[in-house]
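We did not get these values from a lab; they are worked out from the coordinates using the rules stated. All values reported here derive from a predicted model rather than from experimental measurement. Here the Cβ is made from the backbone with ideal geometry for all residues, glycine too, and neighbour counts use every protein chain on show.
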Amino acid sequence: MGTDDLPLMHVWLGRPHIRRWWGPRGSYEKVVSDFLPAIEGADPTDPYVVLLEGQPIGFVQTYLLADYPDYAASVGADEGAAGVDLFVADEGLTGQGLGGEILRGFVAQVVFGRSATTHCTADPDVRNVASLRVFEKAGFRLVKTFFDAADRQTHALMRLDRVTSIRGTAACKVPTWET
């Protein structure tokens, strides 16, 4: 993801199906303040725009939980944990298995591309049934639920171990991502 993607992120984050789970970002300036540090390397999160046939269709990011010690402690993260978050920007593309394809390929190639990463976690809101199904279909399992004081919601801690993710990666060819 680059600075030229920020206007698109602003549009995407304003869409109701994304805003519902990612929260309101408001102004373009707020989106810039949220994502520019990661783009410039000041924040250790790695953001990507998901492409389908060369067209941007979504967003995915990864980070090491150790880089966010308060969050890591709140979820009881083990050493070697990475996190992942994603969304499909066009609501018309949701519910077709695309999220699972993005997730499987991205985790296998990018998240587990770091040799020190032993497992990947995600924390969708427990009310986001569609997201929970995407993570389950990608091989993640529910570890526990927890209350996040920051957004005052209950989340599901999902986990995928490196060994589990390696199977079936050849099927992850359609979506790509770019920094």
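A compact table of results
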{"read-out": "Given charges at Cβ of Lys, Arg, Asp, Glu: the chain dipole, positive-most of P124, A72, G26", "value": "P124"}
{"read-out": "Relative contact order %, the chain, counting alpha carbon pairs below 8 Å whose residues are six or more apart", "value": "21 percent"}
{"read-out": "Cα centroid separation, segment 103-144 to segment 37-89 (Å)", "value": "11 Å"}
{"read-out": "Dipole in debye (nearest 20) - the chain, about Cα centre, beta carbon charges: Lys, Arg +1; Asp, Glu -1", "value": "740 debye"}
